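*Asks:* What follows is a structure written as structure tokens; I'll ask about it next.
The values are calculated or read from the model by the stated rules, or taken from the named source; none is laboratory data. This is a predicted model, so every value here is computed, not measured. Cβ: placed from backbone, ideal geometry, glycine included. Neighbour counts: every protein chain shown. Only protein heavy atoms, including side chains, enter the accessible area calculation; ligands, DNA and RNA are left aside. Shrake-Rupley method; radii C 1.70, N 1.55, O 1.52, S 1.80 Å.
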Amino acid sequence: MEKVLELKREIEKAKKICIFTGAGISCPSGIPDFRSENGLYNEKGDYKYSPEEMISHTFFINNTKLFYEFYKSKMIYENAKPNKAHIYFSNLQKSGKDIRIVTQNIDSLHTMAGSKCVFEIHGSVKRNYCTRCSEFYDEKYILESKDIPYCKKCGGIVKPDVVLYEEGLDDKTVQGAINAIQSADLLIIIGTSLAVYPAASFIKVFKGEKIALINKGITPFDEKADIVIYDDIVNVIDKISN
């Protein structure tokens with residue numbers, strides 16, 4: 001509890017805060033993570049390919065139908081809603097705090113909670129574009145399409161605006177994320193193993209005063225953080241809010 005109170009004091013004191021989130025912040029919303037014991041990558045499925053292979057650019061190009069079969073069943077959680085943590089940071093921003101969010105998640109729950117200045121470095125399942133004419137489609141269109149979603153306008157294949165394996169990150173989003181981390185005086189890292197690169201390397205540009213790290217398990221960055229809390233973020237938010 002002492003570390004939670006210390007975090008609360010640092011949040012109150014900080015003028016600029018950057019929240020860096022991973023899958024752990026979305027688990028309480030019913031979205032599984034990737035690398036834990038019960039995560040997507042360790043799930044025994046009916047496919048002869050690994051999840052990493054199936055959400056790669058090469059697989060999207062060469063096995064498009066199977067890609068979408070997997071993507072629709074494992075990557076989109078249409079009914080997921082923002083949880084207490086997403087809402088807490090959104091409300092903190094609305095109260096006047098200068099808060100910027102850098103997220104590795106593709107669920108857009110931060111934006112759904114009302115947060116502004118959110119950098120989704122791996123994209124979002126909410127956005128989908130025709131590979132030929134760039135026409136926009138929402139996630140509902142993807143889910144309701146039979147097999148492969150095709151553009152109503154030109155007939156091209158509609159692709160999710162998510163960064164697949166073998167694809168590069170969006171330069172503008174990366175620069176925004178790096179600026180958000182560099183300019184903050186408090187960096188709060190939530191629900192990430194810090195094992196996904198290059199995203200995990202972004203936190204190395206932080207030059208502010210304090211780093212808080214909230215995660216269920218240990219990370220390679222624990223020793224460099226000023227406050228380390230091993231807990232579910234929703235439990236932490238409950239304690240901060242009381």
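*Asks:* List every residue pair whose Cβ atoms sit under 7 Å apart, with the two residues 6 or more apart in sequence or on different chains, where the first one lies in segment 147-161 and is acidic (Asp, Glu) and the second, anywhere, is at pLDDT 95 or above and surrounded by 13 or more Cβ atoms within 10 Å (Cβ to Cβ).
*Replies:* Cβ pairs passing all conditions: Asp147/Tyr68; Asp161/Gly123; Asp161/Ser124; Asp161/Arg127; Asp161/Asn128; Asp161/Tyr129.
*Asks:* Turning to a different aspect of this structure: Answer with yes or no whether Ala177 is hydrophobic (A, V, I, L, M, F, W, C), in contact (Cβ under 8 Å) with a residue 12 or more places away in the chain and touching a Lys or Arg at 6+ places or on another chain (Cβ under 9 Å).
*Replies:* For Ala177, the condition - hydrophobic (A, V, I, L, M, F, W, C), in contact (Cβ under 8 Å) with a residue 12 or more places away in the chain and touching a Lys or Arg at 6+ places or on another chain (Cβ under 9 Å) - is met.
Per-residue answers, yes or no, for (1) open to solvent by 50 Å² or more (accessible area, probe 1.4 Å); (2) at pLDDT below 95; (3) in a strand (DSSP E or B); (4) under 29 Å from Gln175 (Cα atoms):
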site	(1), (2), (3), (4)
Lys48	yes, yes, no, no
Phe60	no, no, no, yes
Pro82	no, no, no, yes
Asn91	yes, no, no, yes
Ser115	no, no, no, yes
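*Asks:* With (1) part of a loop (DSSP other than H, G, I, E, B); (2) buried (at least 19 other Cβ atoms within 10 Å of the Cβ) as the list, and His110 as the residue in question, which single condition is left unmet?
*Replies:* It is condition (1) that His110 fails.
*Asks:* Take Ile229 and tell me if it is touching a residue at least 40 places away in the same chain (Cβ under 8 Å) and of a type outside the set (D, E, K, R).
*Replies:* yes
*Asks:* Taking the condition of being open to solvent by less than 10 Å² (accessible area, probe 1.4 Å) and more than 11 Å from the chain's Cα centre (by Cα), how many residues in segment 93-107 meet it?
*Replies:* Residues meeting the conditions: 1.
The rows are residues; the columns are (1) touching a residue at least 24 places away in the same chain (Cβ under 8 Å); (2) out of contact with any helix residue (DSSP H, G or I) (no Cβ under 7 Å at 6 or more places or on another chain); (3) within 15 Å of Ile190 (Cβ to Cβ).
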residue: Phe67; (1), (2), (3): no, no, no
residue: Ala80; (1), (2), (3): yes, no, no
residue: Ala85; (1), (2), (3): yes, no, yes
residue: Ser90; (1), (2), (3): yes, yes, yes
residue: Lys94; (1), (2), (3): no, yes, no
residue: Ile101; (1), (2), (3): yes, no, yes
residue: Gln104; (1), (2), (3): yes, no, yes
residue: Ser108; (1), (2), (3): no, yes, no
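*Asks:* Moving on. Return the total of residues in segment 218-242 being in contact with a Gly (Cβ under 9 Å, 6 or more places away or on another chain) and either under 20 Å from Lys15 (Cα atoms) or not aromatic (Phe, Trp, Tyr) (or both).
*Replies:* 2
*Asks:* Output the number of residues of segment 217-227 satisfying the condition of being open to solvent by 20 Å² or more (accessible area, probe 1.4 Å) and not in a helix (DSSP H, G or I).
*Replies:* Total meeting the criteria: 5.
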